[in-house]
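Asks: Shown below is the structure under consideration.
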Amino acid sequence: MTVTARQVVVFTHDIVFFKLLLEQAELQGAQHASVALERSRKFAGLVRDSAPWEALTTSKRIKHLNTKLQDLRKLDRDGTEADFRQASRAFYGLLRETWERLVEEKLLNKVVSRFERGVYTQRLSRLVDISDDDTAKVDNAMGKCSTYFTGHDSAPAVGDPYPTIEEIEDDLKNIKDFLDELQGSRKRT
């Protein structure tokens with residue numbers, strides 16, 4: 001029997017359906033590319049060469065955050081304090097969501113994942129190495145992100161200390177290093 005490769009184009013607004021398609025493509029070993037169409041205030045059909053943020057893996061989110069870090073560096077160098085704060089608050093919101101995805105995808109080895117159909121109990125065997133240190137890393141990172149992201153109002157009397165660009169770089173490096181550890185020596189796929 002000859003198997004014929006065919007290109008299939010799917011348009012959907014349904015992120016769950018999109019994730020199910022990706023799951024099947026990976027099971028079949030099919031090559032796939034994701035493109036997102038967006039709408040600006042004036043135009044529709046703007047093409048982005050990646051999936052929407054909600055569908056990105058931890059590593060793809062980190063790549064996106066690296067780009068945002070470059071923008072923050074430029075604001076730190078040339079922008080106002082208010083612009084830097086606003087951009088860093090948005091950055092920490094995305095970083096917090098990336099930590100959540102890392103926990104779901106790597107630390108907990110996709111046992112339970114958003115947008116998935118089931119619970120993959122056979123993946124539990126890899127979870128024997130989760131330590132108190134892991135829990136502290138995640139808790140500290142999530143706490144710091146929660147301090148700085150948009151969604152929490154700060155008390156003016158506290159003085160509202162804000163992280164420096166070096167701290168932000170370190171916070172991004174921390175999640176990269178943890179991802180590398182989980183994918184490397186701890187063999188999370």
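Asks: Expressed as a fraction of 2.2 N^0.38 Å, the rule-of-thumb size for a compact globular protein of N residues, what is the C-alpha radius of gyration of the range 1-55?
Replies: Here the Cα radius of gyration is 1.35 times the empirical estimate.
Asks: Related question: Given a Förster distance of 35 Å, report the FRET efficiency between Thr147 and Asp49 from their Cβ-Cβ distance, rounded to the nearest 0.05.
Replies: Efficiency, from the Cβ-Cβ distance: 0.60.
Asks: Give me the percent relative contact order of the chain, please, defined on Cα pairs under 8 angstrom at least 6 residues apart.
Replies: Normalised by residue count, the contact order of the chain is 20 percent.
Asks: Roughly what would the spin-label model give for Lys60 and Gln183, points 7 Å off Cα along C-beta, in nm?
Replies: 1.3
Asks: Go through the range 1-84 and name the GluC sites (Glu not before Pro) that are in a DSSP coil and have 12 or fewer other Cβ atoms within 10 Å of their Cβ.
Replies: For GluC sites (Glu not before Pro) across the range 1-84 that sit outside H, G, I, E and B with at most 12 neighbouring Cβ atoms in 10 Å, the list is empty.
Asks: Return, ordered by residue number, the residues of the range 38-73 whose backbone nitrogen is under 12 Å from a label point located 7 Å along Cα→Cβ of His13.
Replies: So the set is empty, nothing qualifies.
Asks: Then there's this: May I ask you to compute the full-extension gain from Arg89 to Lys173, defined as 0.36 nm times their residue separation minus their alpha-carbon distance, rounded to one decimal in nm?
Replies: Using 0.36 nm per residue and subtracting the Cα-Cα distance, I get 28.5 nm.
Asks: Between Val47, Gly184, Ala30, whose Cα lies farthest towards the positive end of the dipole of the chain when Lys and Arg beta carbons carry +1 and Asp and Glu beta carbons carry -1, centred on the Cα centre?
Replies: Positive-end residue among those listed: Ala30.
Asks: Same structure again: With a Cα-only, solvent-free Debye model of the range 1-99, what are the log10 I(q)/I(0) values at q = 0.13 Å⁻¹?
Replies: Values, matching the q order: -0.65.
Asks: For Gln70 and Ala5 in the same chain, what is the full-extension length gain: residue separation times 0.36 nm, less their Cα-Cα distance, in nm?
Replies: Taking Gln70 through Ala5 to full extension adds about 19.4 nm, to one decimal.
Asks: Rg to Rh ratio, the range 44-189, alpha-carbon atoms and Kirkwood radius?
Replies: 1.01
Asks: Using Cβ contacts closer than 10 Å as the measure, can you line up Trp53, Trp99 from fewest to most?
Replies: Ranking Trp53, Trp99 by Cβ neighbours within 10 Å, fewest first, gives Trp53, Trp99.
Throughout, read-outs are computed from the coordinates displayed, never taken from laboratory work. Being a predicted model, the structure only gives us computed values, none of them experimental. With ideal geometry, Cβ positions are generated from the backbone for all residues, glycine too; neighbour counts draw on all protein chains shown.
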